[in-house]
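A.B. asks: Structure provided below as structure tokens; questions to follow.
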Amino acid sequence: EESDPDGPDAAAGWLQDTVLLGIEPSPEVFAIMTVYFVQGALGLARLATTFYLKDELGLGPAESGALLGITSLPWVIKPVY
């Protein structure tokens, strides 16, 4: 009995070889991949915020940095409580 070259086993092999670079899929690997995906999505949101501050509000780099620093200050202090 020959295996189907386009079957689910072939797709799983391609996924492991190409996307996961030979790493055995496990719950830990998928958790790490999820964290990387979320960090990338947050980076895209930060990029959009930066362009909004620059293009729409006309803020310079120092002004944008000061504004973002002030707005992130509560998250820095939060672990104290």
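A.B. asks: Does anyone have the angle between helix 27-51 and the longest principal axis of the chain? Alpha-carbon axes, 0 to 90°, nearest 10?
C.D. replies: 40 degrees
A.B. asks: Once Rg/Rh (Cα atoms, Kirkwood Rh) is worked out from the coordinates, which option in [x] 1.05; [y] 1.28; [z] 0.92 does it equal?
C.D. replies: Among [x] 1.05; [y] 1.28; [z] 0.92, the one calculated here is [y].
A.B. asks: Quote the FRET efficiency, to the nearest 0.05, computed for ALA10 versus GLN39 with a Förster distance R0 of 30 Å and r equal to the Cβ-Cβ distance.
C.D. replies: 0.45
A.B. asks: Next question. Averaged per residue, what accessible surface does the chain expose to a 1.4 Å probe, in Å²?
C.D. replies: Per residue, the chain has an accessible area of 87 Å².
A.B. asks: If I take the Cα coordinates of region 17-57 and project them onto the principal axes, what are the three extents in Å, biggest first?
C.D. replies: 48, 18, 5
The values are calculated or read from the model by the stated rules, or taken from the named source; none is laboratory data. Since we're looking at a predicted model, the values are computed, not measured. All Cβ positions, glycine included, derive from the backbone under ideal geometry; neighbour counts span all protein chains shown. Side chains are part of the model used for accessible areas, which takes the heavy atoms of the whole protein and leaves out ligands, DNA and RNA. Shrake-Rupley method; radii C 1.70, N 1.55, O 1.52, S 1.80 Å.
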